Amino acid sequence: MHITNEKIHKGSGNVFADIGLAFPEKVQARAEIMFLIAEIIKKRGLTQKQAAKLLGIPQSKVSCLVNGKLSMFSLDHLFQLMNSLGNDVEITVKPKTKAEKQAKIHVLQLA
């Protein structure tokens, strides 16, 4: 049996921050929106070809979307795709609370 002295670190809740990416909250928001779009496609039982037609993008881009290829989609493009699926995207800007060390980006899905 091989024993190592690896330490376990508790994550911050944002894997992109934990691995040191620049602008991790923005990347996290894109990932969350991509996940929501993929879930909508799945819940509607759409094939990638059907989703592509509805979204106005090639089927290969739908594949990238449902497989989480973050680099393929800007936040703005994801908002457009959400609209194509019949969803409003609402952006709320508010001051951070005094308890927060820094302002943050948060994605909230309403039913």
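The values are calculated or read from the model by the stated rules, or taken from the named source; none is laboratory data. A quick note: this is a predicted structure, and the numbers were derived from the prediction, not measured. Glycine also receives a Cβ, built like all others from the backbone with ideal geometry; neighbour counts cover every protein chain displayed.
Any residue at all in the range 70-85 that is touching a residue at least 12 places away in the same chain (Cβ under 8 Å) and out of contact with any helix residue (DSSP H, G or I) (no Cβ under 9 Å at 6 or more places or on another chain)? The answer is no; no qualifying residue exists.
Checking the range 85-108 against the condition returns no match, with no residue being part of a helix (DSSP H, G or I) and modelled with pLDDT of 95 or more.
Just the residues that are surrounded by 13 or more Cβ atoms within 10 Å (Cβ to Cβ), modelled with pLDDT of 95 or more and not hydrophobic (A, V, I, L, M, F, W, C), please, taken from the range 1-43. Listed by number, the list is empty, since nothing qualifies. Only one of the numbered conditions (1) assigned to a helix (DSSP H, G or I); (2) over 10 Å from the mean Cα position of the chain (by Cα) is violated by Leu78, and that is (2). Residue check: Val107 meets all listed conditions (1) surrounded by 11 or more Cβ atoms within 10 Å (Cβ to Cβ); (2) in contact with an Asp or Glu (Cβ under 9 Å, 6 or more places away or on another chain); (3) farther than 17 Å from Glu25 by Cβ but one, namely (3).
Checking each residue in the range 20-51 for being within 17 Å of Ser84 (Cβ to Cβ), charged (D, E, K, R) and assigned to a helix (DSSP H, G or I) picks out Arg30, Glu39, Lys42, Lys43, Lys49.
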